């Protein structure tokens, strides 16, 4: 057998740029967070020289940390559930009901928000839901609500805003899984007398588990850590754990306490992601899918 010629293209050196970027943008900042979280006082620059666990003690004895952490997780779960419920029919229609020649146009419509400023998206939704805005005026015309009222600057509006922002991630994730399901399997299921529910449970659900898991992680993780949306549209009671971390870094400049909060949040998030993965592995074994 002819030996493969070794060149720079199949050398491990090709991985150096990506590994260097990983080291610079992820590992190094996490190491700094760990270092700062065990430091004393307010440090705005330089390397700390004295260390203490006081930041963690303050965090663990603070009721606001537990309250905001629980609130953020609940909001993240709500946003994820709404995204799944709304995205599943839309993704299925795009993958199976729309002609193949028109699917690219449908995908393009879904990704249009990605080309828009994040703050512009937030303010555009606020205009729709604000007092005497388009939606409230329409509901007032139909005698379903008072047009002078508004849900902006409330917790439900933060959920609606996050659902609107992360919906494309869920739709695209489910769409990629639904598109790969062979139509012959669906036709065979129907021919053999299986109903719609049986087909969904025995064929569609197991084969779409990888896309569903991807979508859930892409929605849940950033939704839990959101801080821009609560700050802009959440009102006085819209604070989340991301808002608390951001305020310690950008407003009070208490970087040490902010680092401790960030690490605690990261650890809790990793635990939640692990639980989600274990749940999907269990479901995969039960229904015969792959994750």
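Readers should treat all values here as calculations from the given coordinates under stated rules, not as data from a laboratory. Here the structure is a predicted model, which means the values were calculated and not measured. FYI the Cβ positions are ideal-geometry reconstructions off the backbone, even for glycines, and counts take in every protein chain you see.
Please list 160-169, 274-283, 112-121 highest first by mean number of surrounding beta-carbon atoms within 10 Å per residue.
Numbers: 160-169: 21.5, 274-283: 13.4, 112-121: 10.9.
Sorting 160-169, 274-283, 112-121 by mean packing, highest first, produces 160-169, 274-283, 112-121.
Would you please state which residues of segment 197-222 a label at residue 22 would reach in this model, taking the label point 7 Å out along Cα→Cβ and a backbone N cut-off of under 20 Å?
218
Want the number for residue 77 to residue 144: 0.36 nm per residue separation, take away the alpha-carbon distance, what's left?
21.3 nm
What is the extension gain from residue 154 to residue 15, computed as 0.36 nm multiplied by their sequence separation minus the C-alpha to C-alpha distance, in nm to one decimal? Provide the component values of the computation, followed by the final result.
Details: separation 139, 0.36 × 139 = 50.04 nm, distance 4.69 nm.
Using 0.36 nm per residue and subtracting the Cα-Cα distance, I get 45.4 nm.
What number in nm² do you get for the chain if you take the convex hull of its Cα atoms and divide its surface by four?
For the chain, the mean projected area of the Cα convex hull comes to 24.4 nm².
Calculated FRET efficiency, residue 32 and residue 287, Cβ-Cβ r, R0 45 Å, to nearest 0.05?
Numbers: r = 43 Å, r/R0 = 0.96.
Between residue 32 and residue 287 the formula returns 0.55.
Please tell me the relative contact order of segment 62-287 in percent, rounded to the nearest whole number, where contacts are Cα pairs under 8 Å and at least six residues apart. Provide the component values of the computation, followed by the final result.
Details: 225 pairs, mean separation 58.2, N = 226.
Over segment 62-287, the number comes to 26 percent.
Residue 266 versus residue 105, label points 7 Å from Cα toward the beta carbon: distance in nm?
With each label placed 7 Å out from Cα toward Cβ, I get 4.6 nm.
Roughly what would the spin-label model give for residue 115 and residue 54, points 7 Å off Cα along C-beta, in nm?
5.3
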